[in-house]
Amino acid sequence: MAELGQSIFDILVFVLPLYFGNAAPTILGGGPPIDGGRYWKDGKRILGDGKTIRGFWLAVLVGMVIGFFLAVIIASFDGVLFGNPPIDIRLEYQEFYQSSIVYSLISFLNLPDVLADPLVLGGVAGGLSTLGGMTGDMVGSFIKRRSGISRGKTFIFLDQLGFLILGMVFVYPVIPWPPLWLAFLVPITFLTHIAANLFGYFTGIQDDPL
Ligand code: CTP
Ligand code: MG
């Protein structure tokens, strides 16, 4: 039981920057759309007005900042146990970095290993996962427009999981996460996304309940 609690804590620390980054454009987005208002061959918008340049980059920035500050908080708790059964407040994914392709490359090329600093690693991992998340979000909109689903309408599974999958892919070269994490992340992300959207709907932040 204690180990399950620890694993859930470790996975949440890893994924929280992506969650916050992905949610950020709903509040911070707007302005010129990424597709420049252009249309695809099928006469529909390439991505639509829901995908803006500002939303994309502010999301990445939010992911980076949250990743960095989570690492700062965790560094200040270094080695502290919390709760009963006890959970070790730690940045577990830091250990995975040592077996990453980026770490191998840095060692092989004898480059300065800036990512060895957990605060830098936190920012980079948060930024990279959110960059992937926003790319997945864009791919999702592209697929939605091609399927004739208009901007803001729900495409179940794609809306909730597209950003997670590409987010996980983008961060993998730096943090080679264990595949088993997906068994937790896929259902939790799906449910959290739906809960967050319902909250957004009832508080008037967004128009569609899902
Ligand atoms: N948003 C943004 N820029 C992005 C992504 C999102 O500005 N790159 C903002 C838009 O205001 C968007 C809102 O966040 O309406 C919610 O995002 P999302 O649900 O992904 O977009 P939808 O409006 O539902 O559009 P789509 O159907 O294309 O997913
Ligand atoms: Mg939407």
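The values are calculated or read from the model by the stated rules, or taken from the named source; none is laboratory data. Remember, it's a predicted structure, so these values are computed and weren't measured experimentally. A quick note on method: Cβ atoms are made from the backbone with ideal geometry, for glycine too, and the neighbour counts reach across all protein chains shown. Areas reflect the complete protein model, heavy atoms only, side chains present, ligands, DNA and RNA absent. Shrake-Rupley method; radii C 1.70, N 1.55, O 1.52, S 1.80 Å.
When F56 is tested against the conditions (1) open to solvent by less than 50 Å² (accessible area, probe 1.4 Å); (2) more than 10 Å from ligand 1 (Cβ to nearest atom), the lone failure is (2). Inside segment 166-184, residues that are among the aliphatic types (A, V, I, L, M), closer than 19 Å to I194 by Cα and either at pLDDT below 95 or more than 15 Å from ligand 1 (Cβ to nearest atom) (or both) make up a count of 2.
The residues listed here are I27, I74, I46; of these, the one that is at pLDDT below 95 and either surrounded by 15 or more Cβ atoms within 10 Å (Cβ to Cβ) or under 19 Å from N197 (Cα atoms) (or both) is I27. Of all residues being in a helix (DSSP H, G or I) and open to solvent by 50 Å² or more (accessible area, probe 1.4 Å) in segment 139-178, which is farthest from P33 (Cα to Cα)? Just the residue, please. Among residues in segment 139-178 that are in a helix (DSSP H, G or I) and open to solvent by 50 Å² or more (accessible area, probe 1.4 Å), the one farthest from P33 (Cα to Cα) is V169.
When G36, G5 are screened for being open to solvent by 20 Å² or more (accessible area, probe 1.4 Å), of a type outside the set (K, R), out of contact with any helix residue (DSSP H, G or I) (no Cβ under 7 Å at 6 or more places or on another chain) and not in a helix (DSSP H, G or I), only G36 passes. Of all residues in segment 132-154, none satisfies being closer than 25 Å to V72 by Cα, hydrophobic (A, V, I, L, M, F, W, C) and without any contact (Cβ under 8 Å) to a residue 60 or more places away in the chain. Residues in segment 188-204 that are of a type in the set (S, T, N, Q) and away from ligand 1 (no atom under 12 Å from the Cβ): T189, T192, T203.
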